Amino acid sequence: MSRRDQIKMTDAEMWELLDGPHVLQTASINNDGTPHLVAMYYAVMDGRIAFWTYGKSQKVLNLQRDPRLSVMVEDGDNYGELRGVSITGPAELSDDPEVVQAVGEALYPRYFGELNDMAREGVVASGRKRVAVFIRPSESRVASWDHRKLGGTY
């Protein structure tokens, strides 16, 4: 068995990692072909990775021109603990207020606490200027790794 096959995550392991409140590294393609790399909060919704961002942000401008998106979540502090998932595929954008609101409501409790009425009002206000972005692992290229599976041997 190859080292790559040894560290590959199962689908269940991948979704377990993605369900955690990590930070999502996102890379879109600038007009000059260079990567635009930023960190985003995200949620898992209906088998898709979801985040929201300002509608006039560079990543939205990039994705409107070229929908190719790469995202990565990684966890661990040293080589023997590293595990992660990288997904590359087409982004789906939505400015539908209900969709944007749903993404905001999914993000809030993952990173900020209880989504009470006051928090929901803040999500509504923030959502007015935002766009929802989705990437679906099942329609994308996925790579995963879990160095813990090596048992300390490299």
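The numbers here are math on the coordinates, done by the rules we state, and not lab data. Please read these numbers as outputs of a predicted model, since none were measured by experiment. Quick reminder, even Gly has a Cβ in these numbers, built from the backbone with ideal geometry, and neighbours come from all protein chains shown.
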### Sparse-neighbour loop sites [chymotrypsin sites (Phe, Trp or Tyr not before Pro); the range 37-130; at most 13 other C-beta within 10 Å; DSSP]
Phe112
#### Entry: Local net charge near His36, Cβ-Cβ under 12 Å (Lys/Arg +1, Asp/Glu -1)
+1
### Message
Need the list of lysines near Lys56 for cross-linking: C-alpha distance under 24 angstrom, and skip anything on the same chain fewer than eight residues off.
### Response
Lys129
### Query
Using only the Cα atoms of the range 1-92, what do you get for the radius of gyration and for Dmax, in Å?
14.5, 47
### Message
Under 5 Å between amide hydrogens, which residues at least 5 positions from Tyr42 or on another chain qualify, with H placed 1.01 Å from N in the peptide plane?
### Response
Leu24
### Query
What net charge is computed for the residues neighbouring Met9, neighbours being all others with C-beta under 15 Å from the C-beta of Met9, Lys and Arg scored +1, Asp and Glu -1?
-2
### Task
Note the listed values (i) 1.04; (ii) 1.01; (iii) 0.99, then indicate which one is Rg/Rh (Cα atoms, Kirkwood Rh) calculated from this particular structure.
(ii)
### Message
On a full-extension model of 0.36 nm per residue, what is the gain between Arg4 and Arg120, subtracting their alpha-carbon distance, rounded to one decimal in nm?
### Response
37.4 nm
### Query
Which of rounded, prolate, oblate describes the range 49-122, given a ≥ b ≥ c as roots of the alpha-carbon gyration tensor eigenvalues and a/c under 1.5 marking rounded, otherwise prolate only if a/b is larger than b/c?
oblate
### Task
Name the aspartates and glutamates eligible as straight-distance cross-link partners of Lys149: C-alpha to C-alpha under 13 Å, and not fewer than 8 places from it in the same chain.
Asp5, Glu13, Glu81
### Summary
Candidate cut points under trypsin sites (Lys or Arg not before Pro) in the range 86-154, DSSP loop plus at most 16 other Cβ atoms within 10 Å of their own Cβ, are Arg128, Lys129
### Query
Counting Lys and Arg as +1 and Asp and Glu as -1, what is the net charge of the other residues whose Cβ lies under 12 Å from the Cβ of His22?
-2
### Query
What is the range 25-154's relative contact order, in percent, from Cα pairs under 8 angstrom and six or more apart in sequence?
31
